[in-house]
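Here is the structure we will look at, set down as structure tokens.
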Amino acid sequence: MSPATPGGSLLVLALILPVAAMLVAFVLGGRAAERLALAALGLGALLAMLVAAAVYRAGAPLAYAVGGWAPPLGLALRADGVTAAMLLTAALVLLAVALFGRTGHATPPGLAEARAPFAFWCFLLALSAALAAAFLGGDLFNLFVALEMLTFAALALACLEGKPSQFRSELRYLLFALIGSVLYLLGTVLLYGGYGTLDIALLAGRARADAPTLLAAALMTAGLAAKMALFPLHLWLPPAHAGAPPAASAVLSGLVVKASFVLLLRLWFWVMPPLAAAAAAPLLAALGAAAILAGSLVALRQARLKLLVAYSTVAQIGYLFLMFPLALAGDAEVAARAWLGGILQASSHAFAKAAMFLAAGLIAGALGHDRIAALGGAGRAVPVCVVAFGLAGLSLMGIPPSGGFTAKWLLLTSAVATGQWWWALVIVGGGVLTGGYVYRVLAGSLTAPPVTDAPIGDAPLPAAASRGPQLVALALALVSVGLGLLPLASFGLVQVGRLGAAP
Amino acid sequence: MSAVLAFLGLLAVAAGAGFFVAGTAGVIRFPDTPSRLHALTKADNLGLGLVVLGLLPFVPGWFFALKLLLVWALVLLSGATAAQLIAERVRGPEPPA
Amino acid sequence: MSGAPIFGLTGAALVGLGLFGLLVQAAVLRKILAFNLLGAGVFLLFGVVAQRGGTAGGGADAVPQAMVITGLVVAFAATALAVVVALRMHQITGAATISESDGAEPGGSDAA
Amino acid sequence: MTLDGVLAGVLDGLLAALVLAAAGWTLAAPAAFPATIGFVGFGLLLTLAWVRLGAPDVALTEAAIGTGATGVILLLAVVRLRGGEEEVSAATPGRALVLAAGLLAGAVGLALALAVLALPDPAPGLAAEAAARTAPLGLGNPVAAVLMVFRGLDTLLESVVLVFTVLAVWSMAPDRHWGGRPGPEFPRQDDGPLALLARLLPPVGLVIGIYIAWVGTDAPGGKFQGGTILAAMWVVAWAAGLVQAPSVADRRVRLMLVAGPLVFVLVGLAGFGIADGFLAYPPALAKPLILVIEAAMTLSVAAALALLIAGPPEHPPERVT
Amino acid sequence: MTGSQYLLLASFGAPLGLLIACLWEAPRRRLPGLLWLAPLPALAAALLAADGPPLVLDPARLRFTLALDAPSALLLGAVALLWSAAGAYAHGYLGGKPGARRFALWWLVTLSGSLGVFVAADLVSFYLAFALVSLPAFGLIVQDGTPRARRAGEVTLLLAVLGEVALLLGFALLGDAVPGPSLAIADALAALPDSPARSMVVGLLVAGFGLKAGLVPLHVWLPLAHPAAPMPASAVLSGAIVKAGIIGLLRFLPPDAADWGGVLAGLGLATAFWGVGCGITQDNPKTVLAYSTVSQMGVTVAALGMGLALAVPGTAMAVAFYAAHHVLAKGALFLAVGVGAVLGGARRRTLVLLPALVLALGFGGMPGTGGALAKAAVKPQLGDGLPGLLAALSAMGSTLLMLHFTRRLAAVRPAAARSVPILAPVLLAAWLGMAAAALLLPWALYRPLGLGNPWDVLGKDLAMALWPVLAGALLAIALARWGGRLPRVPEGDLLVLTGRAGGLGEAIGAAVARLEAALRAWPVAGMALLALILALFGTMLAAAR
């Protein structure tokens, strides 16, 4: 592996820009922090596009040895197809959430600096830095530090409003995520003990199928699954994401979960011995299937809108895990298709879920509550939100022409091609159940407002009715649907740097 | 560094260890907290002093010896303060003189 | 310089104890204590790997030791954060555990 | 096995047994306070274990941060989190669950032990390469070289984590407290043992802390260990009421917090110009640059640890009188 | 791109164009009025672009292909005509009502899907069109907002989604069977015979399209949705939207599917008799018509099945002709019910009841009517032997059912103060226009479509054509006298059984929720994590041995 490819310095900028911005914003404080955050996130989106273009043009992963020290001694930043796609997704969602947050999290006129707004912008930058570090990192221990940073930023963002019930939920999230991180760290120590290096590129292909390596893989997989709230380990996600402020829960559900997913891909497709990976993949996929079915069923029965959307996250994460047995099934062409399906599901879910949470937040803001049974009148109060929620729902259900559909179609066809038709049934069953709870919300919000509390219906509603945030939610939903319109060939970016991909 | 110094050092360390054992026995056997504090602060600090004294001949340089003595001094200071605070907490503040 | 495997076993035992404590201890602070035990166990394993990797004369392998120092600081930050959240939870709701046994509606919120 | 080999084995075995005993006590202790005291004891024993493993830097860090700072935070919390015994006993899982959890945790521990034993004994590490590359940089301590040079990005990210953890702790306070002083207010004690300690110890502690931070590049020590000692000195003075915590909105405190990582980033970016890349040091200037960064980092670590120990602001800001 | 290809694009593009135009205020205000214009390009495409060269958009990547062969053109023409007439009717019928504009939006989306289904020639665009024709129909059904309409809409949506799911799985298998990247239906059909999952694919497709066409077990949504929907929507639902299932079967069943032909024939005939059996017990004329649609679709599918089983050439055109006649006649009859509900006295008898009677008898195969020609067209398929007899019996049943409908239509009391006091002339024009089309168009198209000479059908064995009609009339008289004693069948007949299934679903949901809540307890989740570690480690270790 060449220590540094030409585009390498782009990677450093993509990582250091949010870090430096966060430090300076912390010192400046108040409104300067907000302006700096918007500028940094805008620039970050630009940098993400440049990185994606560079990777696509180069057709090979970009690498950069930090400090001039090539691995194994030094650390390397790497950007292959997956990194470029997820970096771009994260940058766009963060920018959208920042624009959404301008109304909800602006420093009130009277004060030089208020707690929640100032903290929101600093933590958004910290989250952006942590995501960049998690996607670009090439060393497993460096990724551990990035994961911890991500967990702390997510926790701080979720606790922003200080609601009494939120501290308990967030403490459960922190402790469970910390167990996950420590298990991940346990895996890294066994790998270092066995191979003397933690660099992913150097570890690729060298893994022996002996006890320490396999235990390391099991520990790291379980740790990352805990941080991704895979079905039996999902106890922390619904309360934490439902109770967080809308902007925070959009980022939590959309992006924070995906960082652990990228690490899982690094582990399973680069580091682990292929034979062991193929053997254990069905177990992961079975849990994913359980997540899809149980998550959707419980979401169908939720009484509150935000909890419903949170359980939808638990369900949609299951799809990401269906990808493992399909992509490890040996046949190169089917593996490439399943790989693209998984990444596209991750990306389109990020956009769709962010749009859904923003819309849910605005609907709850407009109606004063988020009980699904009494959502009447939402359609008239915040019409654009309901449309955004519907579009995002379509993408999650996998109705053409949405990004979700293309992802599920790819997973479906590769499941059929490899003869593992049961995953196909789960995908389709999940789609129907998702349709169930999306319909529940749409039908509820399109009904006429209850006659009793008349003021809700047409009273001029404060922040929620303003067009800005609603249009942001709509834009995110449109991007998620738009991903479906992109023809398949243009997704070649995702295949770059995949082991076993055609060189 | 002659064998005599080494032997004396060894003797001092052994004595120090003995005082530590006495201190620990005191903590276990004594009935109430203040008397246990005595056991701890008196016996253990003296024990540590003897151990430090015993190690001095084996020390590579005078700067290292200075650091050892500094360790002893700091333990003395913190031990005394802690004992006072705990005693104050257990017995209540000093009755007015 | 192969040190006795005793510290490796100690590290593994600490991990087991830490996990057990995290699962079973109900009080929040006891859980944070158990988490620190778990972390100490993992870092001890780093130390064992460092010692084993050491060259004959040159002492232990510096890279895992540096990782442990970084890990300790991150673990401290995590403990500080967990303690503050636990204190705030206790001050507001008087709760001393994070179990959901009281059937409280998980997380659901009223107005945003 | 030579005589002192046997003795070393016995000592290690004894130490390991003590460490596990302390850990067991921390879990089995009847109440939270004794458990925390047991944890502090466990930490000190662990420091000895690190010395036996030939890692003095880590022993220092474990003593300073792993045991000292963590112990202080937990003790402060235990004192303020009294009560809730019945809730705790209600939430404690039944005998069957405890047994099952024990079995599972034991199984994972056993698997881990087997895996550790199965690791290749002369582990293929980077010891030789790290040691060889440290000398030309002008550094004596390979651990410092790894922390500052080879894996500089780790240390940078970690210091950034410390900074925004402080902000995260501050943001847990209610809105009206923003601008107030972090942590509880300790009454000013002019006489009594704590006042004596608070006046006598800090000067000595400052010298020792700076010395340890300074010596870090050549001998065991470094910014984290030195920074923690400085923070401890401030905590002693603060606990005795001699000093007050600075307001949350105070620009100087934020500059102190951010100094370390910001200097690190700036020197790193300068690396593009004067050296061959980000976080690279020109061979001639390596040592001085590293010392500059170490100094700034020590300052930041000290401020961060002290403020983390203090916690979120607990009173609204006093009206400017 | 030749003229005909433009027409193909315009056929389903026009409604979408109008939909986009509604973003601006001006067209939106006049929307209900423009509904009848939207299907006209499709009508032109049917007339001019039949058998034109297929249109392939973006051949490199998307391969979005449109094509129109003769049978599809015929159906497209008939469906477009019905949509246009129903659109005009809807303008008159809805007028200033509050939900008019929202109804028009749903109408346009469903229209684009309904037309697109006939021109789409690759898997993805066909799936997209099929989704557009089945899901937005929900909007049309729940237009009145009554609980009965909402329940009908929900049942329809649920079954439509299940249909979509079956089709998605079928298309996935089809897509997988095709060696190259091409997604065209033709290639898929070519690759089907040798694909391992051939029977599963055909089964899924039959289930998906059968549900839309209303074959027996899956027909329950039809009698529920049509009466609940407003009048123009019922006309379109029964006439045009159901035909999406027929064109799907026509286009996707491989010519060599002889084994499936028998199954389809059996299903079709069973559906035919089931439709008649349930229809005669209904009171609401719209429900009777709905069951008549179920029955007629049964006959159509039976004809297709027999055509496949006996490998009769020209089956597609014959079945298309039969279906086209049904589109026109059934659509007209629904409009008749609408007009009948408003018109009163003598004018009602002459302008509504008489033409309705003629159309009704047409379904029975009364010589001289369009229906007779339709039955003659499918005679080679259902010609002789047992299927021939059964077909004749079903004709008798249809006559009985339609006479029952006519009696129920006559019995409808035009409420005095109806919401539409004066009969908008456009309603009458639409109804009469469709009635005329249903009678005359079959005569006009019979020869050009190569089905033979219409006149000699009239001349041939009158007896064979007449006895089903007469027998049906006798039965109708008997039904009129003793009808009261028949058991009252609830509208969705089999749906009652699913009531208990709902309970089962609820129980499963509750059980899963309890399990999930148990898993959220901290110790249990922690142990699940440790168990996952051990399980992963165990599986990988076993694999490594």
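Summary of computed values
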{"item": "Yes/no for B:Thr41 being over 29 Å from D:Val207 (Cα atoms) and either of a type in the set (S, T, N, Q) or touching a residue at least 40 places away in the same chain (Cβ under 8 Å) (or both)", "result": "no"}
{"item": "Subset of the range D:126-169 (residues that are within 9 Å of chain C (Cβ to nearest Cβ) and either closer than 24 Å to D:Pro317 by Cβ or outside any helix (DSSP H, G or I) (or both))", "result": "D:Leu126, D:Asn141, D:Arg151, D:Thr165, D:Val166, D:Ala168, D:Val169"}
{"item": "Failed criterion for E:Leu267 (all others in (1) in contact with a helix residue (DSSP H, G or I) (Cβ under 7 Å, 6 or more places away or on another chain); (2) not in a helix (DSSP H, G or I) hold)", "result": "(2)"}
{"item": "The range E:523-545: number of residues that are at the interface with chain A (Cβ under 7 Å from one of its Cβ atoms) and crowded, with 18+ Cβ neighbours inside 10 Å", "result": "10"}
{"item": "Check on A:Leu307, away from chain E (no Cβ under 13 Å), buried (at least 24 other Cβ atoms within 10 Å of the Cβ) and either within 23 Å of the chain's Cα centre (by Cα) or not in a helix (DSSP H, G or I) (or both)", "result": "no"}
{"item": "Count of residues meeting criterion [under 30 Å from A:Ala204 (Cβ atoms) and not in a helix (DSSP H, G or I)] in the range A:1-60", "result": "9"}
{"item": "Pair list, Cβ under 6 Å, 6 or more apart: the range D:58-82 residue within 9 Å of chain C (Cβ to nearest Cβ) and under 30 Å from C:Thr93 (Cβ atoms), other residue assigned to a helix (DSSP H, G or I) and among the β-branched types (Val, Ile, Thr)", "result": "D:Ala69/D:Thr228; D:Thr70/C:Thr79; D:Ile73/C:Val83; D:Ile73/D:Ile309; D:Leu74/D:Thr36; D:Ala77/C:Val83; D:Val78/D:Thr36"}
{"item": "Flag if B:Ala15 is surrounded by 13 or more Cβ atoms within 10 Å (Cβ to Cβ) and modelled with pLDDT of 90 or more", "result": "yes"}
{"item": "Any pair with Cβ under 9 angstrom, 6 or more apart, that starts in the range B:72-87 at a residue that is in contact (Cβ under 8 Å) with a residue 60 or more places away in the chain and within 9 Å of chain D (Cβ to nearest Cβ) and ends at one that is of a type in the set (Val, Ile, Thr) and outside any helix (DSSP H, G or I)", "result": "none"}
{"item": "Test: residue in the range D:167-181 that is in contact with a Ser or Thr (Cβ under 6 Å, 6 or more places away or on another chain), within 30 Å of C:Gln91 (Cβ to Cβ) and β-branched (Val, Ile, Thr)", "result": "no"}
{"item": "Members of the range D:266-298 that are more than 14 Å from chain A (Cβ to nearest Cβ) and part of a helix (DSSP H, G or I)", "result": "D:Lys287, D:Pro288, D:Leu291, D:Val292, D:Glu294, D:Ala295, D:Thr298"}
{"item": "Selected residue [assigned to a helix (DSSP H, G or I), within 15 Å of the chain's Cα centre (by Cα) and within 11 Å of chain C (Cβ to nearest Cβ)] from A:Leu358, A:Leu344, A:Leu362", "result": "A:Leu358"}
{"item": "Positions within the range E:17-50 being among the small types (Gly, Ala, Ser), buried (at least 21 other Cβ atoms within 10 Å of the Cβ) and in a helix (DSSP H, G or I), in sequence order", "result": "E:Ala42, E:Ala45, E:Ala46"}
{"item": "Residue that is closer than 21 Å to D:Ala144 by Cα, crowded, with 24+ Cβ neighbours inside 10 Å, assigned by TED's automatic domain parsing to the domain that holds D:Pro142 and modelled with pLDDT of 90 or more, where the choices are D:Ala295, D:Ala302", "result": "D:Ala302"}
{"item": "Enumeration of residues in the range E:178-201 that are in a helix (DSSP H, G or I) and surrounded by fewer than 22 Cβ atoms within 10 Å (Cβ to Cβ)", "result": "E:Ile185, E:Ala186, E:Asp187, E:Leu189, E:Ala190, E:Ala191, E:Arg198, E:Ser199, E:Met200"}
{"item": "Any chance B:Phe30 is over 26 Å from D:Val204 (Cβ atoms), surrounded by 15 or more Cβ atoms within 10 Å (Cβ to Cβ) and aromatic (Phe, Trp, Tyr)", "result": "yes"}
{"item": "Members of the range D:215-242 found to be surrounded by fewer than 20 Cβ atoms within 10 Å (Cβ to Cβ) and in contact with a Phe, Trp or Tyr (Cβ under 7 Å, 6 or more places away or on another chain), listed by number", "result": "D:Ala239, D:Gly241"}
{"item": "Test for A:Gly393: is it more than 16 Å from the chain's Cα centre (by Cα) and not aliphatic (A, V, I, L, M)", "result": "yes"}
{"item": "Failed condition for A:Cys385, given (1) surrounded by 24 or more Cβ atoms within 10 Å (Cβ to Cβ); (2) modelled with pLDDT of 85 or more; (3) not in a helix (DSSP H, G or I)", "result": "(3)"}
{"item": "Output for the range D:247-261, where each listed residue is facing chain A (nearest Cβ under 7 Å) and under 18 Å from D:Ala286 (Cα atoms)", "result": "D:Pro261"}
{"item": "Residue count, the range D:36-57 (criterion: surrounded by fewer than 18 Cβ atoms within 10 Å (Cβ to Cβ) and within 10 Å of chain C (Cβ to nearest Cβ))", "result": "0"}
{"item": "Any hit, the range A:174-184, residues being facing another protein chain (nearest Cβ under 8 Å) and farther than 21 Å from C:Gly71 by Cβ", "result": "no"}
{"item": "Residue in the range C:76-85 that is over 28 Å from D:Pro184 (Cα atoms), within 7 Å of chain D (Cβ to nearest Cβ), in contact (Cβ under 8 Å) with a residue 24 or more places away in the chain and touching a helix residue (DSSP H, G or I) at 6+ places or on another chain (Cβ under 6 Å) present", "result": "no"}
{"item": "Filter result for the condition that a residue is surrounded by fewer than 18 Cβ atoms within 10 Å (Cβ to Cβ) and under 26 Å from the mean Cα position of the chain (by Cα), over D:Phe164, D:Phe186", "result": "D:Phe186"}
{"item": "Scan of the range D:233-253 for residues that are among the hydrophobic types (A, V, I, L, M, F, W, C) and part of a loop (DSSP other than H, G, I, E, B), ordered by number", "result": "D:Ala240, D:Leu242, D:Val243, D:Ala245, D:Val248, D:Ala249"}
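The values are calculated or read from the model by the stated rules, or taken from the named source; none is laboratory data. Predicted model, so just to flag it, every value in this text is computed and none were measured. Cβ: placed from backbone, ideal geometry, glycine included. Neighbour counts: every protein chain shown.
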